[in-house]
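Colleague: Okay, handing you the structure first.
The values are calculated or read from the model by the stated rules, or taken from the named source; none is laboratory data. Small disclaimer: the values here were computed from a predicted structure and weren't measured. Note that each Cβ is placed from the backbone with ideal geometry, even for glycine, and that neighbours are counted across all protein chains shown. Keep in mind that these areas ignore ligands, DNA and RNA; they rest on the heavy atoms of the full protein, side chains included. Shrake-Rupley method; radii C 1.70, N 1.55, O 1.52, S 1.80 Å.
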Amino acid sequence: FVSVYTLIEKRTQLALYTFFAYIIVFVAGLNDILYSELIIDTSFLLSYSILIYVILQAVMMSRYIAFSFNQVEALSSQLSSANKNQEQIISARTAELHQQSVDLQKYNEVRDKIMSIIAHDLRSPIASLSSLITLAEIGDKDDIDTIRTFFNSVKPHIDNLNLTIDNLFVWAHNQINSNTLNLTNLPLNAVVARVKPL
């Protein structure tokens, strides 16, 4: 009954071979009963049928073990492939994080350069302007000519400060966006003439 039920429900090769092995043993047992009662004239076949049953079971078990081993090999191969994919993903992510670290370091260097320029090039004109405002606040009407002279001496510094701030923003933008420079010839006399009054 179990053999027939397994054959109907499972419908696997193992169930089929097991069913036939049980049939052979059953027929051989029936044959031996009938032969021992002298109903039929054959020989005892039960020992041969049990041997056939054991051989069939051994063959099926070895095939089942081989099939299981192949499945384990396939799963191991899939796991190895998945591990390689994970290694590639991790490697790509590590490279991306390294690039972000390099970019962050570059931005920090740009920030430090900007702070250095601000500290060095912008303090002097701002200090001059602050002194001029202080003089205008505390000075009396007789100091107007002195204040005007001071204004005239500070104005080029303020203009230079404005130009420095503009240049600083352009330079910082180019540093952050990694823009390439377009070099052009510049007449040096014009630059010297602009800076000379300082």
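Colleague: Would you check which residues across region 28-41 are among the β-branched types (Val, Ile, Thr) and either touching a residue at least 12 places away in the same chain (Cβ under 8 Å) or within 25 Å of Thr18 (Cα to Cα) (or both) and list them?
Modeller: Ile33
Colleague: Does at least one position in region 116-136 carry a residue that is modelled with pLDDT under 70 and loosely packed, with under 11 Cβ neighbours inside 10 Å?
Modeller: Looking through region 116-136, at least one residue is modelled with pLDDT under 70 and loosely packed, with under 11 Cβ neighbours inside 10 Å.
Colleague: Across region 59-72, what is the number of residues that are open to solvent by less than 60 Å² (accessible area, probe 1.4 Å) and out of contact with any Ser or Thr (no Cβ under 8 Å at 6 or more places or on another chain)?
Modeller: Qualifying residue count, region 59-72: 2.
Colleague: If you don't mind, another one. Yes or no: Ser47 of a type in the set (Gly, Ala, Ser), touching a helix residue (DSSP H, G or I) at 6+ places or on another chain (Cβ under 9 Å) and either open to solvent by 90 Å² or more (accessible area, probe 1.4 Å) or not in a helix (DSSP H, G or I) (or both)?
Modeller: Judged against the criteria, Ser47 is not a match.
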